[in-house]
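S.K.: The structure under discussion is supplied below as structure tokens; questions concerning it will follow.
The values are calculated or read from the model by the stated rules, or taken from the named source; none is laboratory data. Nothing here was measured: the structure is a model prediction, and the numbers come from that model. Backbone-built Cβ (ideal geometry, glycine too); neighbour counts: all protein chains shown. Heavy atoms of the whole protein, side chains included, go into the accessibility calculation; ligands, DNA and RNA do not. Shrake-Rupley method; radii C 1.70, N 1.55, O 1.52, S 1.80 Å.
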Amino acid sequence: MSESIETVLVWFRNDLRVEDHQSLHKAMTTQKRVIAYYAFSPKYFEINKWGFKKTDKFRTQFLIDSVLDLKKALAKLNISLIIDLKAPESSLPEYIHQYQVETIFLQKEWTSEEKKQEEEIAQKVETSLQWERSYDQFLLHPDDLPFSVDQTPEVFGNYRKKCEKEVSVRTLIATHNALPVTNLIELETPLPKLSDLGLEDIDLDARTAFPFKGGTQNALDRLDDYFWKSKKLSYYKNTRNGLIGPDYSSKFSPWLASGSLSPKMIYWEIKRYEKEIQKNQSTYWLIFELIWRDYFKCISLKHGTKIFKIGGILNRKYPWNDSQKIFEQWANGQTPEAFVNAHMIEMNRTGWMSNRGRQNVASYFAKDLKMDWRIGAAYFESQLIDYDVHSNYGNWMYVSGVGNDPRDRKFDVRWQAERYDPQAKFQNLWLQKTLF
Ligand SMILES: Cc1cc2nc3c(=O)[nH]c(=O)nc-3n(C[C@H](O)[C@H](O)[C@H](O)COP(=O)(O)OP(=O)(O)OC[C@H]3O[C@@H](n4cnc5c(N)ncnc54)[C@H](O)[C@@H]3O)c2cc1C
């Protein structure tokens, strides 16, 4: 293809799918050549100021798998995916120039790192370049909310009730037929391996709650198992505080965070399940949790960079500690609390921790150890397969008393261990010395 063909580019970041994808859909209706782009920016793998990698091996491997799956799905649509190992702010302008891209289609992000990337690119390219941004990560589209996002209620219950009463979930966006084969460009950009990104290989721990593998196909397989084959969805409300094994909760979060699955895809499957199998409190509760996910996105839209500040959205002043030694004891699972340690070891070994575990270790870090909660949040960011900026910082603020918990609760970790791990099965699983 000659380089003067009118071209548009879809920039994939946290939306690694072709189904229910607004930006891809819009790009494919332009009648222009469509190319796609994803970057494993070296910045994601740098060591942060607290001495650990911003993104460690578990999420990275998951992303590599997800991008491979995306590449294959795009190939079926005759769209080439450029996989970049450089920072997009340095090399995307070159691709834009080389292919004379007129429009970039992308999911609308608003957190500081993503905005800075976009601003730097905009400074390096022609001012005529069009940017088409779409919100594509929500269950309830922000434009449909019964209030402007600036007016998002600070108490989740108020937000949820208003939304449940007044907002409908939009239908899925159709996937296009393949473009003509002439849409493909001649450029082969290989996927990186962990070692190319300066990360160690994964030695999979047999105790893992779930063998996560990235990509939409794996997400759909999990959905099929959890909903249709095992019908575990019917019991979700009773099992969701579990700690061991694949089925106490949906395990959808890594695919939601990377965008291999959209929340609408899950919602409409729940609705089908309610029609065809059963509608009960559990089927509702999974939707309820997806609304929590949306809520933290609205909170971060409303409060901007405050979600990264020590005082959080409340501007609270607490005497925070930042001892490296205390942080390391917590991170390595060497505190005096076995329940906390077992969870930290689980996350270090697998990139996963249950919601119950996250609440406990975060509360212990912020409220017992009185450590700067942002160090704990950054450690989760580094380790978790399902790291999502809004859910992570929103939940950390909530648990640390600088966010949306109107009651500012503290978890009694010993009571929690007795309640949720009465026979210490979970603690024994992760604290047994022989396996290390
Ligand atoms: C300190 C702390 C940090 C967290 N960091 C993250 C994070 O980085 N990424 C992330 O996706 N979740 C985060 N969570 C929320 C929650 O723990 C996970 O979403 C959940 O454990 C994922 O497991 P699941 O997919 O099986 O969830 P399920 O229980 O099956 O719930 C279904 C979906 O609902 C959403 N959801 C459930 N609970 C929450 C919640 N409390 N807040 C926001 N969304 C929720 C998730 O997308 C989840 O996949 C955090 C929670 C805490 C307390």
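S.K.: Pick from ASN392, ASN177, ASN48 the residue whose mean-square fluctuation is largest in a GNM of the chain, springs joining Cα atoms under 10 Å.
M.R.: It is ASN177.
S.K.: Take ASN158, project a point 7 Å from its Cα along the Cβ direction, then tell me which residues of the stretch 290-307 have their backbone nitrogen under 18 Å from it.
M.R.: 292, 295-304
S.K.: Still on this model: With unit charges on the beta carbons (Lys and Arg positive, Asp and Glu negative) and the dipole taken about the Cα centre of the stretch 167-325, which residue among ASN280, SER323, MET265 sits farthest to the positive side?
M.R.: Sorting the options by dipole projection puts first ASN280.
S.K.: Counting every Cα pair in the chain, what percent are over 38 Å apart? Present the calculation step by step, with values, prior to reporting the outcome.
M.R.: Numbers: 20596 of 94830 pairs.
Taking all Cα-Cα pairs of the chain, the fraction more than 38 Å apart is 22 percent.
S.K.: Something else now. May I ask you to list the lysines whose Cα is less than 21 Å away from that of LYS306, ignoring any residue fewer than eight positions away on the same chain?
M.R.: LYS49, LYS54, LYS108, LYS115, LYS116, LYS297, LYS317, LYS367, LYS370
S.K.: Please enumerate, by chain and number, the lysines with C-alpha under 16 Å from the C-alpha of LYS237, excluding those fewer than 8 residues away in the same chain.
M.R.: Output for LYS237: LYS251, LYS279.
S.K.: Here is a further query. Evaluate Rg over Rh across the stretch 309-435, taking Cα atoms for both radii and Kirkwood's formula for Rh. Spell out each step's value before the answer.
M.R.: Numbers: Rg = 13.9 Å, Rh = 14.7 Å.
A ratio of 0.95.
S.K.: In debye, nearest 20, what is the charge dipole magnitude of the chain about its Cα centre with +1 on Lys and Arg Cβ and -1 on Asp and Glu Cβ, if you could check? Could the numbers behind the result be given before it?
M.R.: On the way: 61 positive and 58 negative charges, 328 e Å.
For the chain, the charge dipole is close to 1580 debye.
S.K.: Let me ask something else about it. Please report, in debye to the nearest 20, how large the charge dipole of the stretch 1-136 is about its Cα centre when each Lys and Arg carries +1 at its beta carbon and each Asp and Glu carries -1 there.
M.R.: The calculation lands at about 400 debye.
S.K.: Sticking with this one: What whole-number value in Å² describes the accessible area per residue of the stretch 103-245 for a 1.4 Å probe? Display every interim value, and only then the final one.
M.R.: Numbers: 7980 Å² over 143 residues.
Spelled out: the 1.4 Å probe surface of the stretch 103-245, per residue, equals 56 Å².
S.K.: Let me ask another. At a 1.4 Å probe, what is the % contribution of carbon and sulfur to the accessible area of the chain?
M.R.: Numbers: 9680 of 19570 Å².
Whole-percent figure for carbon plus sulfur exposure: 49.
S.K.: Between PHE210 and TRP131, what is the FRET efficiency for a Förster distance of 45 Å, r being their Cβ-Cβ separation, to the nearest 0.05?
M.R.: Details: r = 37 Å, r/R0 = 0.82.
Efficiency computed from Cβ-Cβ geometry: 0.75.
S.K.: Looking at ASN14, HIS176, LEU243, which one has the Cα that reaches farthest to the positive end of the dipole of the chain (charges on Cβ: Lys, Arg +1; Asp, Glu -1)?
M.R.: Value: LEU243.
S.K.: If ARG13, ARG374 are ordered by their accessible area, calculated over protein heavy atoms with a 1.4 Å probe, which sequence runs from highest to lowest?
M.R.: On the way: ARG13 25, ARG374 60 Å².
From most exposed to least exposed: ARG374, ARG13.
S.K.: When the chain is fully extended, how far beyond the present Cα-Cα distance does ASN48 get from GLN432, taking 0.36 nm per residue of separation? Please report the intermediate quantities before stating the final value.
M.R.: On the way: separation 384, 0.36 × 384 = 138.24 nm, distance 3.10 nm.
Gain on stretching ASN48 to GLN432: 135.1 nm.
S.K.: How big is the gap, in Å, between the Cα center of the stretch 359-436 and the Cα center of the stretch 120-174?
M.R.: That distance is 29 Å.
S.K.: Set Lys and Arg Cβ to +1 and Asp and Glu Cβ to -1, take the dipole of the stretch 1-136 about its Cα centre, and tell me which of SER80, SER66, GLN98 lies farthest positive.
M.R.: Going by the charge dipole, the pick is SER66.
S.K.: Under a cut-off of 22 Å between alpha-carbon atoms, report the lysines in cross-link reach of LYS72, not counting same-chain residues fewer than 8 places apart.
M.R.: LYS26, LYS32, LYS86, LYS193, LYS213
S.K.: Moving on. Mind pulling the angle between the C-alpha long axis of helix 263-276 and the longest principal axis of the chain? Nearest 10 degrees, somewhere in 0 to 90.
M.R.: 70 degrees
S.K.: Looking only at the stretch 158-193, which residues have a backbone nitrogen under 12 Å from a spot 7 Å from the Cα of LYS76 in the C-beta direction?
M.R.: Within reach of a label on LYS76: 175-178.
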